[in-house]
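See structure below.
Bear in mind that the values in this text are calculations on the coordinates, not laboratory data. None of the values given here were measured: they were computed from a predicted structure. With ideal geometry, Cβ positions are generated from the backbone for all residues, glycine too; neighbour counts draw on all protein chains shown.
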Amino acid sequence: MKEFDARDYVRPVTLPLPNDGLVSRQIRVGRLNNDFVPPVPLWWLCQARLAEQRSSIPIFVGLILWQQFKMKKTQPLRISGTVWRKLGLERRAVNRALRALENAGLITVKRFKHRSPAITIMTEKPRVTLENP
């Protein structure tokens, strides 16, 4: 299996310098990169931590979901198995993490046969109302 290389997801751009010289620079295109973790609501992270006590994989999967959501700016998300493999996650581990996040009420998942699931992130904190006894 080929190792993940971020250079596969950037392209060169030539920008003019003030002294009319040219320099080649790298800019990011809308692909996965290793140095971007978007702001995630604290309540969401706390709930993700409680979702699965034995593992930190749901938190990692949740951060990747937020990253993709911030980059694509659309829901539902469809993240292929190739992306998960490049991040070192197996299909079953991702499915367990998605199930844990779904049971915690942080995401909704619509599953399909032989296709990537459609994942919707809950971006609003759920309102909890206490009933009077």
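Tabulated results
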quantity: Extension gain, L50 back to K86 (0.36 nm per residue minus Cα-Cα distance, nm); calculated: 10.3 nm
quantity: Mean separation of Cα contacts under 8 Å, 6 or more apart, over the residue count of segment 31-121: relative contact order %; calculated: 31 percent
quantity: Segment 51-125: GluC sites (Glu not before Pro) in DSSP loop, at most 10 other beta carbons within 10 Å; calculated: E124
quantity: Chymotrypsin sites (Phe, Trp or Tyr not before Pro) lying in DSSP loop within segment 39-70, provided at most 11 other Cβ fall within 10 Å; calculated: none
quantity: Qualifying trypsin sites (Lys or Arg not before Pro) for segment 33-87 [loop in DSSP, other Cβ within 10 Å: at most 10]; calculated: R54, K73
quantity: Label-to-label distance, nm, for residues given as R115 and R96 (7 Å Cα→Cβ offset); calculated: 2.8 nm
quantity: Anisotropy class of segment 31-121 from Cα gyration tensor, a/c 1.5 cut; calculated: rounded
quantity: Residues whose placed amide H lies under 5 Å from that of I107, excluding near-sequence neighbours; calculated: E102, M122
